[in-house]
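Bear in mind these aren't lab numbers, they're just calculated from the coordinates by the rules spelled out. Keep in mind that this is a model prediction, so the values were computed, not measured. Heads up, the Cβs are rebuilt from the backbone with ideal geometry, glycines too, and the neighbour counts pull from every protein chain shown.
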Amino acid sequence: MDTISSIVNRRSIRSYTSKKVSPNDITKILTAANWAPSGNNLQPWRFSVVMNDEQLLKKLSSLTVYHSWVQTASCLIAVFLDKKVIDPNIHGIYLKHVQAIGAAIQNMLLAAHELGLGSCWIGEILKKEDQVKELVGAADDLELMAVISVGYPNKATTSRRRDILENIVSWL
């Protein structure tokens, strides 16, 4: 699949079948994340993968208002920023690392799409960071950036509208 096609055709999936995702596919998704660009190649991302513990999947799902569909995913990946890589004395460094995390997440979503899997970037769960960290055993120096749901899509996706470029681009 070519890159532009993957970007244009990928959709956030909010309904999954009961078919389990293979650990091999999750490894491919995490490999794609690990190859995202990061400032000074610091690779500030850390991941907690929940896919073998049904009770833990349900507990994590219950932390979001979207629990009705999140709980149908066969895998949840908590994405963290490792704050140990941040030099607090350098202005703007935090934002640079957060942007790197965003690139890693985008790589994950595109890799899942290429593998025929559905995924969704869940940011709403950030308000429950402490509970997520406790459930997955994350260290204090990790900051929750998102949870990614992964599974086999339960239904066909529909196309989405995007604003036309003339409305969002200034050519100088």
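If R₀ is 45 angstrom, what is the calculated FRET efficiency for the pair ALA139 and LYS19, using the beta carbon separation as r and rounding to 0.05? Don't skip to the answer; put the middle values down first.
Details: r = 33 Å, r/R0 = 0.73.
Once the sixth-power term is evaluated, E becomes 0.85.
Could you run the Karplus curve 6.51 cos²θ - 1.76 cosθ + 1.60 with θ = phi - 60° over region 137-148 and give me ³J(HN,Hα) per residue in whole Hz, x for Gly and Pro?
x, 6, 5, 4, 7, 9, 10, 5, 9, 4, 10, 10
Sum up the charges of everything whose Cβ sits under 12 Å from the Cβ of LYS155, counting Lys and Arg as +1 and Asp and Glu as -1, but leave LYS155 out.
Working: positive: ARG11, ARG14; negative: none.
So the environment of LYS155 carries a net charge of +2.
To the nearest 20 debye, what is the magnitude of the charge dipole of region 19-155 about its Cα centre, counting +1 on the Cβ of each Lys and Arg and -1 on the Cβ of each Asp and Glu? Walk me through the numbers before you get to the answer.
Details: 13 positive and 13 negative charges, 68 e Å.
Here region 19-155 has a charge dipole of around 320 debye.
List the pairs from LYS58/LYS96; LYS28/LYS133; LYS84/LYS128; LYS84/LYS155; LYS20/LYS96 whose alpha-carbon separation is above 30 Å, in the order I gave them. Don't skip to the answer; put the middle values down first.
On the way: LYS58/LYS96 33 Å; LYS28/LYS133 24 Å; LYS84/LYS128 21 Å; LYS84/LYS155 41 Å; LYS20/LYS96 35 Å.
Correct reply: LYS58/LYS96; LYS84/LYS155; LYS20/LYS96.
Would you give the gap between the C-alpha center of region 94-166 and the C-alpha center of region 1-63, rounded to a whole Å?
7
Looking at the chain, do any whole DSSP H helices span at least 18 angstrom along their long axis by alpha carbon and average -1.0 or above on Kyte-Doolittle, and which?
Membrane-span-like by this rule: 93-114.
What are the trypsin sites (Lys or Arg not before Pro) within region 80-169 that DSSP puts in a loop, where the Cβ has at most 11 other Cβ atoms within 10 Å? Before the final figure, lay out the partial values.
Numbers: sites: LYS83, LYS84, LYS96, LYS127, LYS128, LYS133, LYS155, ARG160, ARG161, ARG162; in loops: LYS155, ARG160, ARG161, ARG162.
Filter output for region 80-169: LYS155, ARG160, ARG161, ARG162.
With 10 angstrom as the radius, rank HIS91, HIS113, HIS97 by how many other C-beta atoms surround their C-beta, starting from the fewest. Could the numbers behind the result be given before it?
On the way: HIS91 7, HIS113 21, HIS97 24.
Ranked by crowding around the Cβ, least crowded first: HIS91, HIS113, HIS97.
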